[in-house]
Amino acid sequence: MTEPTKKRIAVVAIGGNSLIKDEKRSTVEDQHQAAKETTRHIADMIEAGWEVAIGHGNGPQVGFALRRSEIAAKAEGVHEVPLEVCVADTQGTIGYSLQQTLQNELFRRGIVKPCATVVTQVLVDAADPAFANPTKPIGGFMSEAEAERRRSELGWNVVEDAGRGWRRVVASPLPKEVVELDSVQALLRAGVAVVTVGGGGIPVVDRGAGEYAGIAAVIDKDYASSLLARNIGAELFVISTAVEKVAIDWGKPSQRWLDHVSLAEARHLLAEGKHFAKGSMAPKVQAIIWYLEAGGKHAIITSPESIGRALRGEAGTHFTP
């Protein structure tokens, strides 16, 4: 009897900013059109035989959700929405755009394949050092008086932001466990394209005896997607970003684009601390290092429109063990 063909699984992490081309094109419809462009390239992967789990960022979208909540509270006295609930909200809205546009594109190509979004919790450690030093700014700007009121009444951590006003800052702890992992794996086995760990996942802590509770924090989406890729044994981990390839010495006369990087080289470049910006490329490279260290075979950083060419080895920065 012939052994069944093993499914090739890929995890694709899409940046939240890739759904917003610029400040003038940030409406829901604009984001839906951007999602349509991105999922067209993911459909290329599916057509090439990959089963895909799609992670995505949500930084700008959570910012919009928090801002709407703040304005509604000031104007109408409507209750404000907690941060972790805003993460859940944006998982639903972004997931809707991704699954619908992907489903439509697959149908157009004559490919019968269901797509689904899993509203995903990600466990973090309540003792993570990040909680002692929150640095991630969220929400709108406040006056100093408003910031002090929220610090005293709500326990917020607030900081002055470059002369523009005061903002809330929250922790960005490391992801420890994808709570809905079994559901994601079951869907992948059934041939469903899954949108999951949106925005890095809804951050939750374990109160004991398996009881989870949401917590105000932000999880890096590349770290969460890396954890997912490791847990499901993905053969390929793709991080989609604004550039076609990774560069060292960015913006300098010595700038050099990278085509292929080994695990050892990636560790060395990241450890030097001068090549990758902490808020953008460094987390992506770190996420890939963790994936390869856990037995991952192949990772790529490239732009959405270059995914197809990257799979053929014609674009992107390729990382291997």
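Before moving on, here are some points about what is shown:
- Among the GluC sites (Glu not before Pro) in the stretch 164-259, those placed in a DSSP loop whose Cβ has at most 12 other Cβ atoms within 10 Å are Glu211.
- Simple point charges give the picture: +1 on the Cβ of Lys and Arg, -1 on the Cβ of Asp and Glu, and for the chain a dipole about the Cα centre of about 600 debye.
- Spin-label zone in the stretch 140-162 - amide nitrogen under 19 Å from a point set 7 Å from the Cα of Ala213 along the C-beta vector: 153-157
- In the chain, the DSSP beta bridges split such that about 40 percent are antiparallel, to the nearest 5.
- As a calculated quantity, the FRET efficiency between Val119 and Glu47 at R0 = 41 Å, using C-beta atoms, amounts to about 0.90.
- Extension gain, Gln255-Val243: 0.36 nm per intervening residue step, less the Cα-Cα distance, totals 2.9 nm.
- Basic side chains Lys and Arg get +1 at the Cβ, acidic Asp and Glu get -1 at the Cβ, and with that the dipole of the stretch 109-258 about its Cα centre reaches some 500 debye.
- Cα-derived Rg to Rh of the stretch 6-127, Kirkwood definition: 1.04
- Charge dipole (Cα centre; +1 on Lys/Arg Cβ, -1 on Asp/Glu Cβ; no other charges) of the stretch 35-78 amounts to roughly 300 debye.
- Exceedance of the 31 Å cut-off in Cα-Cα distance is limited, within the set Lys36/Lys297; Lys7/Lys136; Lys24/Lys297; Lys7/Lys252; Lys21/Lys113; Lys36/Lys274, to Lys7/Lys136; Lys24/Lys297; Lys7/Lys252; Lys36/Lys274.
- Fraction of the pair-distance distribution of the chain above 25 Å, Cα-Cα pairs, percent: 52
- Here the spin labels are modelled as points 7 Å beyond Cα on the Cα-Cβ line, and at Arg151 and Gln100 they lie 4.3 nm apart.
- Computed 3J(HN,Hα) for the stretch 241-251, one whole-Hz value per residue from the Karplus formula 6.51 cos²θ - 1.76 cosθ + 1.60 where θ = phi - 60°, is 9, 7, 10, 6, 9, 8, 10, 9, 6, 4, x, glycine and proline marked x.
- Label point at Ala264 placed 7 Å out along Cα→Cβ; residues across the stretch 282-299 whose backbone nitrogen lies under 16 Å: 293
- By the Stokes-Einstein formula, at 0.692 mPa s and 37 °C, the stretch 257-321 with its Kirkwood radius over alpha-carbon pairs has D equal to 273 µm²/s.
Bear in mind these aren't lab numbers, they're just calculated from the coordinates by the rules spelled out. Everything quoted here is computed from the prediction, not taken from an experiment. Please note: Cβ atoms are built from the backbone with ideal geometry, for glycine as well, and neighbour counts cover all protein chains shown.
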